[in-house]
Structure formats: structure tokens, C-alpha cells
1. Just from the alpha-carbon atoms, what are the Rg and Dmax of the stretch 334-468 in angstroms?
2. Highest first, please rank the peptides 446-452, 350-356 by the mean number of other Cβ atoms sitting within 10 Å of their residues.
3. Can you tell me the relative contact order of the stretch 287-418? Whole percent, Cα pairs under 8 Å, sequence separation 6 or more.
4. Order of 72-78, 292-298 by packing, highest average Cβ count within 10 Å first?
5. What percentages, rounded to whole numbers, describe P(r) for the stretch 295-409 computed over all alpha carbon pairs with 10 Å bin width beginning at zero?
């Protein structure tokens with residue numbers, strides 16, 4: 001007895017299987033999770049503004065007047081072990097804080113554009129915590145919920161749970177510019193882990209001649225299409241022989257997506273159709289090269305979510321600022337004022353423009369924007385004018401996509417050292433993000449290694465006070 005597929009293969013010289021593989025290359029099939037939210041979503045897309053290196057909450061969104069009063073004195077409480085254990089005395093912020101917007105949101109002078117234009121859009125979480133105190137582990141923990149490689153990034157989980165809304169582009173895109181690199185830990189931070197391979201991030205170089213290597217076709221479309229159809233025919237048969245193995249299926253999907261990206265990516269990164277007013281809003285032509293490069297990333301992020309890409313992550317640049325290294329540009333163990341001011345100048349106007357532009361286009365309501373680094377900084381100095389890592393309490397913010405703007409959640413102590421009110425974890429953050437996307441974080445699971453895994457591991461609670 002032979003199967004119907006085997007009959008088609010033998011009697012129709014493979015054309016039946018070619019049709020089958022054509023169907024396979026479209027929407028989800030076989031072992032792939034059927035995409036779609038479980039309940040009505042508040043957001044459709046996520047833009048992740050990752051500030052790699054650890055932004056100081058004490059100098060951005062969590063003012064602590066007591067530090068100025070105790071400047072130069074020893075810490076009056078026990079000091080936890082730090083990354084380098086070269087701890088100095090209490091170090092007040094060199095930046096000034098003022099209240100902004102109808103909400104009176106306190107924001108430091110580091111971010112004048114965000115303060116003027118976006119204060120009432122931000123839900124600031126001042127009580128974020130991390131389990132780790134080192135960059136690579138911190139980056140993995142913040143992206144995957146685990147401090148080691150091998151687990152899927154949040155963007156991969158979201159792409160797996162919801163599927164792509166645009167068959168011509170990947171569902172998870174990481175934007176880079178200039179000499180920007182992946183955070184410490186490498187590209188594994190953006191990995192699909194044990195999820196099927198089509199859910200890993202695709203890296204787009206926002207300012208390169210080719211945003212994706214070899215994206216320009218080297219042969220006529222008809223030739224290329226013929227080669228791809230031939231591969232799909234063989235892959236379709238192999239897919240059945242492997243009992244519909246998800247990784248084989250992912251390879252088929254990746255071939256097809258790569259083919260379609262040849263037309264979609266050049267149109268995406270070509271911003272000539274944007275108005276001069278829009279380009280000026282973002283700072284595309286700013287004389288500061290790093291700022292102009294980040295501005296292009298922010299503009300492309302808007303263009304990506306317009307086209308239905310589920311998860312977009314942006315990358316900071318480091319050239320010319322001195323203190324921070326390439327993978328961790330916000331990491332100022334010395335000369336914090338110079339380093340943080342340079343990094344803030346790079347991202348402030350472009351981020352404010354992104355939020356304003358999304359709102360003007362009616363996209364902010366359905367786009368969740370997240371701003372975060374892997375941990376905060378200490379209230380005491382490292383050396384004379386830097387800060388060491390502080391995972392015990394730091395600030396992040398969210399905007400759009402069902403979030404209640406102009407709100408503050410949680411608090412650190414008067415020194416900004418430890419959380420004292422409504423402690424929040426990375427698991428809580430991703431549980432909240434999934435909830436806003438219409439997914440129950442406890443139900444988004446994948447069987448691997450004999451057990452079900454999830455982004456929030458066995459933890460996580462939705463942060464309901466920040467929901468609109």
C-alpha cells in the first residue's frame with residue numbers, strides 16, 4: 001500500500017508535490033504553530049529600543065535629590081559586590097531633572113526632545129530588577145529570560161506566537177548602522193534557540209549599500225524562480241519523509257522569504273519618498289554621524305511596522321564617545337557625564353521623532369515601544385566620575401500599544417540603590433508585552449528537550465497598573 005503523496009510522486013513526475021510545496025511556502029502549515037492572538041490585542045507590533053551597556057536610571061528617569069545632599073560621603077547602607085569592586089563615595093547626578101507634560105513626568109536634561117514631546121506617552125517602570133550583573137549574561141537574560149545562550153529571543157517568541165503579517169519580510173528584524181555590533185553575547189541574543197529557524201532575527205544594515213548581503217539578484221527572476229521551485233519540490237518530499245520536521249519546514253520558508261526580500265528590502269530602506277519635514281524630524285541629515293545613523297534606524301523601524309513586521313530591535317552606535325565599548329556603548333565606568341551625554345544626544349531626537357511620527361500616523365496605538373538596558377548604575381562612583389553596574393533597581397519605559405502614558409510604576413529607595421516598591425522582573429515585562437499582543441504568556445509554549453518552554457520560564461505577572 002502506498003500513500004496518496006507517493007502515488008502523486010510516481011505517477012505525475014513530481015508535479016503534485018511541487019504544488020504541495022508551493023502551498024507549504026505560504027502561511028503556516030505542518031508543525032508550525034497556527035498564528036494569531038488568543039484574545040483581542042492592544043498592540044500588533046513591538047519596537048525595542050535597546051540601550052546596551054546599562055543606562056543610569058539615576059541620571060535619566062529616577063531623580064534622587066538625597067545624592068546631592070550626601071555627595072562625597074560613604075554609602076550609609078551595605079554595598080553589594082559590584083562588577084569591579086572599585087567603589088567610591090556617593091555620586092550625585094551631573095544632569096538636571098525637570099517635570100514635563102501634563103503628567104509632570106521627571107526627566108533629566110539628557111533627553112530634552114523626549115521630555116518636550118513625549119513625557120505624557122511614557123509609562124516609566126522604576127522598579128525593574130535583574131538576576132545578573134554582567135553584560136553578556138544581562139543581555140541574554142533581558143532578551144530571553146535566561147542568562148545563557150540557547151534560548152529564543154523575545155522577538156522570536158512573538159514571531160512564533162503571532163506569525164508574520166507580511167510574507168515579503170521577516171517577522172523579527174534587528175537594525176544596525178555603521179560599526180554597530182550585537183550586544184555582548186553576540187548574535188545569539190537574537191536567536192531562535194530551539195524554535196524553528198525562520199523565527200530568528202534578520203539583521204538589516206540600515207546605512208549599507210546592501211542592507212542584507214547579496215540582496216541584489218545576480219540572475220534573471222525567471223531563472224531564480226525556476227531554481228527555487230526545483231528546490232521546493234525536493235524539500236516538499238523530504239519534509240514528508242521526515243514526518244514534517246519543523247526545521248525542514250523552516251528551511252523551505254526561509255528560501256521563499258529570502259526570494260521575496262529581494263524586492264521588499266530595497267524598497268524598505270530607500271527613503272527618498274519620505275518628506276523633507278519627516279527627515280528633519282528624525283535628524284537623518286544631522287552632522288553628527290552616529291545621531292544621523294540612529295535616526296535612519298528609527299525611521300526604518302516605523303516603515304517596518306507599517307509593513308507588518310512584528311518585532312523590530314534597534315542598535316546603538318559607539319564611535320567617538322570614548323568610554324563605552326562597541327557592544328555596550330552606555331557602559332560608563334568612568335567619565336559618565338561625557339559618555340551618557342554623547343549617547344543621549346545620539347538617540348534622543350530620533351526616539352522622540354519616532355514616537356511623534358507613529359502618533360501622527362495613527363500607529364502608536366497599535367505599536368508598543370520599549371526602551372531599556374540590561375541593568376542600571378550604582379549611586380556611588382567607580383573611581384571619581386563613573387558608575388558600576390546595578391541590577392537591584394533600575395528604570396525602563398514603555399509607550400503606545402495599550403500602555404497608560406504619563407505613569408510611573410514602582411520605586412527605588414532614596415539612594416536609588418534597591419527597589420522598595422512593586423519590584424518588577426524581566427518575566428513581568430515580557431508577560432505584559434505578550435498580554436498587550438493578545439497572548440497569554442503561560443500558554444505560549446514550545447516542546448523541546450522533553451518539556452514545554454516559554455519566554456517567561458515559570459514566572460511572570462502582567463504589570464496591570466501601566467495598562468490603559
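Every number here is computed from the coordinates shown, using simple stated rules; none is lab data. Since the model is a prediction, treat every value here as computed from it, not as a measurement. So basically every Cβ, Gly included, is an ideal-geometry build from the backbone, and we count neighbours across all protein chains shown.
1. Final numbers for Rg and Dmax: 17.6, 51 Å.
2. Numbers: 446-452: 10.6, 350-356: 24.4.
The peptides rank, most packed first, as 350-356, 446-452.
3. 21
4. For the peptides 72-78, 292-298, the packing ranking is 292-298, 72-78.
5. 12, 38, 32, 16, 2
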